[in-house]
Amino acid sequence: MSDRPVVTRIAPSPTGSMHIGTARTALFNWLYARHTGGKYLLRVEDTDRERSTEAAVKVIFEGLAWLGLEADEPAVFQAARVDLHRAAVETMLARGSAYRDYMTAEELEAERTLARAEGRVVRSAWRDAPGDPPDRPFVVRLKSPLDGETIVNDQVKGPVRFHNKDLDDLILLRTDGTPTYNLAVVVDDHDMGVTHVIRGDDHLNNAARQTLIYHGLGWDTPVWAHLPLIHGPDGAKLSKRHGAQAVGEFAEMGYLPEAMRNYLAKLGWGHGDDEIFNDEQAIAWFDIKDVVGAPARLDWAKLNHLNNHYLRQADPARLAVLVTAVHASRDLDLPARAQDILLRTIPLVRDGAKTLLELADATVFVLRQRPLEMPEKALGLLNDETRARLSRLRARLAQTTSWTVAELEALLRDFAESEGVGLGKFGPALRSVLSGGSPAPDLAGALVALGNHESLERLDDALSINR
Ligand code: GLU
């Protein structure tokens, strides 16, 4: 098996949202496939027909696309493969590794009571039943070994041992002929050529069951790797009270997918003390055997720190599009040249932003349309003395031809000196005039973001207000 090319998969069930635990599992599968030059596949486990609506399936596709973790081949849909699941059960019946169990509900109940009293798992008398089958409904069960051990050689947990006497004869096909979950997973993973099953450790017990099904079919088991779950910052199992849990929520909160990838990679895996690394580095370094066995804790401060890093690195044109979408979702009335304005402004304000939402907040001032409505406090700053000073400053600004942060900083310092006052004497008023009270960067940054023309017009607007 080890010389076969690696095939991994992410196998989400469409529940209507994509949990970040699923996102992390997808990432680890993707990283491992890329690291080994293998393939990374997607299987939609849509056998719960009620929950698996078109919208719920779309959430998975959109979540993976947003994360940049789209599969290498078209998705496999589990529900479409029921005939193949049934055929595998026929094979097992023929091989003698499964049997038809005709126990009635009452008989099963009686066996349950007895088994409990005897401290053992339920066994059906039909396991070794001789004679003619009765004409009544049946389930098909796996003929599990009665003694010995099933060992799941897990890449993260090490060998995990299960006593076979504690594993009952799992149902493979229900009375209505529908396949059960564990059967479907095994048949699908086998048919998809999956060599490595990397998933949450809530599936560790299933791995024992699935191992027995592989044996029953005469197939090799894949390599198993069960990832510890993600916990909240307080160490408790991640739940609603810890805030966002779904990939879509992180997107809405303004995290960048590359920041999420970097962050999720660090949840349960790491490369020394490296905090910040790109996809190429993660791919080069990732190995399943370096996954840590202890649950990982969500750490918002770390995520914010990473997101700020990636916001500072990102192409401003891309951020301009993303920030425009945030403004649009907030019904901000955007000027025609919003993209150009944002392109100019984003590099001036992004250092302080942890999320796209904060970046959007920091760019409202420049997108607001004249004449700005001045808050009362800003109007209060515009006394006669300050107005006279700002109009002298306006004349200076109108003359300057170099509209850069450095030049404007020098101009403002020089102007303050020539007025014989500190910047504090007119800075706050100028800031209000330029921003209308919205958050704005320092004065020279605000002037550059607004541009020469808009800056002067905003000054004119404010200076023409009659008080
Ligand atoms: N569908 C399962 C889940 O969403 C994953 C099963 C598997 O990876 O084998 O938890």
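The values are calculated or read from the model by the stated rules, or taken from the named source; none is laboratory data. Bear in mind that the values here come from a model prediction, so they are computed numbers and not experimental data. So basically every Cβ, Gly included, is an ideal-geometry build from the backbone, and we count neighbours across all protein chains shown. In case anyone asks, the SASA skips ligands and DNA or RNA and just uses the protein heavy atoms, side chains included. Shrake-Rupley method; radii C 1.70, N 1.55, O 1.52, S 1.80 Å.
Take the residues in the stretch 193-217 that are farther than 25 Å from residue 238 by Cα and open to solvent by 30 Å² or more (accessible area, probe 1.4 Å), then tell me which one is farthest from the ligand (Cβ to nearest atom).
The initial filter retains those residues of the stretch 193-217 that are farther than 25 Å from residue 238 by Cα, namely 193-196, 208-217.
Pick out the ones that are also open to solvent by 30 Å² or more (accessible area, probe 1.4 Å) and you get 209, 215.
Working: 209: 11, 215: 18 Å.
Looking at residues that are farther than 25 Å from residue 238 by Cα and open to solvent by 30 Å² or more (accessible area, probe 1.4 Å), I get 215.
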Exception for residue 213 within (1) in contact with a helix residue (DSSP H, G or I) (Cβ under 7 Å, 6 or more places away or on another chain); (2) assigned to a strand (DSSP E or B) falls at (2)
Pick from 17, 13: which is at pLDDT below 95 and either more than 14 Å from the ligand (Cβ to nearest atom) or open to solvent by less than 70 Å² (accessible area, probe 1.4 Å) (or both)?
17
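Would you pick out the residues in the stretch 214-235 that are modelled with pLDDT under 95 and among the β-branched types (Val, Ile, Thr)? Break it down stepwise before answering.
Going residue by residue through the stretch 214-235, those that are modelled with pLDDT under 95 are 228-235.
Within the stretch 214-235, just 230 meets the criteria.
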Residue tally, condition away from the ligand (no atom under 11 Å from the Cβ) and closer than 20 Å to residue 224 by Cβ, over the stretch 20-33:
7
Out of all the residues in the stretch 164-192, which are near the ligand (Cβ under 9 Å from one of its atoms) and more than 19 Å from residue 223 (Cα to Cα)?
181
Is there a residue being without any contact (Cβ under 8 Å) to a residue 12 or more places away in the chain and farther than 21 Å from residue 337 by Cβ anywhere in the stretch 432-441?
no
Given the structure, is residue 446 of a type in the set (A, V, I, L, M, F, W, C), open to solvent by less than 30 Å² (accessible area, probe 1.4 Å) and under 41 Å from the mean Cα position of the chain (by Cα)?
yes
Let me confirm something: among 343, 356, which residue is surrounded by 18 or more Cβ atoms within 10 Å (Cβ to Cβ) and either modelled with pLDDT of 95 or more or of a type in the set (A, V, I, L, M) (or both)?
356
Could you please give the count of residues in the stretch 251-282 that are among the aliphatic types (A, V, I, L, M), in a helix (DSSP H, G or I) and either surrounded by fewer than 18 Cβ atoms within 10 Å (Cβ to Cβ) or within 15 Å of the chain's Cα centre (by Cα) (or both)?
5
Those residues of the stretch 423-439 which are of a type outside the set (A, V, I, L, M), open to solvent by 30 Å² or more (accessible area, probe 1.4 Å) and not in a loop (DSSP other than H, G, I, E, B) amount to 424, 425, 428, 431
Can you tell me how many residues within the stretch 142-174 are under 15 Å from residue 121 (Cβ atoms) and either open to solvent by less than 20 Å² (accessible area, probe 1.4 Å) or of a type in the set (S, T, N, Q) (or both)?
6
Suppose the filter is hydrophobic (A, V, I, L, M, F, W, C), buried (at least 17 other Cβ atoms within 10 Å of the Cβ) and either within 27 Å of residue 249 (Cβ to Cβ) or more than 16 Å from the ligand (Cβ to nearest atom) (or both); does residue 84 pass it?
no
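Have a look at 331, 340 and point out the one that is without any contact (Cβ under 8 Å) to a residue 24 or more places away in the chain, assigned to a helix (DSSP H, G or I) and charged (D, E, K, R). Show your work before the answer.
Values: 331 fails: assigned to a helix (DSSP H, G or I).
Sole residue among the options that is without any contact (Cβ under 8 Å) to a residue 24 or more places away in the chain, assigned to a helix (DSSP H, G or I) and charged (D, E, K, R): 340.
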Quick one: in the stretch 34-57, of everything that is touching a residue at least 60 places away in the same chain (Cβ under 8 Å) and near the ligand (Cβ under 10 Å from one of its atoms), which residue is most open to solvent (accessible area, probe 1.4 Å)?
47
Could you go through the stretch 66-80 and let me know if any residue there is away from the ligand (no atom under 12 Å from the Cβ) and open to solvent by less than 20 Å² (accessible area, probe 1.4 Å).
yes
Considering the stretch 218-228, residues that are more than 11 Å from the ligand (Cβ to nearest atom) and not in a strand (DSSP E or B), and then whichever is nearest to residue 145 (Cα to Cα), we arrive at 218
Residue count, the stretch 253-276, condition over 13 Å from residue 322 (Cβ atoms) and either modelled with pLDDT of 95 or more or in contact with a helix residue (DSSP H, G or I) (Cβ under 8 Å, 6 or more places away or on another chain) (or both), comes to 15
Looking only at residues in the stretch 449-467 that are outside any helix (DSSP H, G or I) and of a type in the set (S, T, N, Q), which one is least open to solvent (accessible area, probe 1.4 Å)?
464
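Go through the stretch 402-422 residue by residue and tally those that are open to solvent by less than 60 Å² (accessible area, probe 1.4 Å) and modelled with pLDDT of 95 or more. I'd like the intermediate steps shown before the answer.
Taking the stretch 402-422 as the starting set, the residues that turn out to be open to solvent by less than 60 Å² (accessible area, probe 1.4 Å) are 402-403, 405, 408, 410-412, 415-416, 419, 421-422.
From what's left, modelled with pLDDT of 95 or more: 403, 405, 408, 410-412, 415-416, 419, 421-422.
Qualifying residue count, the stretch 402-422: 11.
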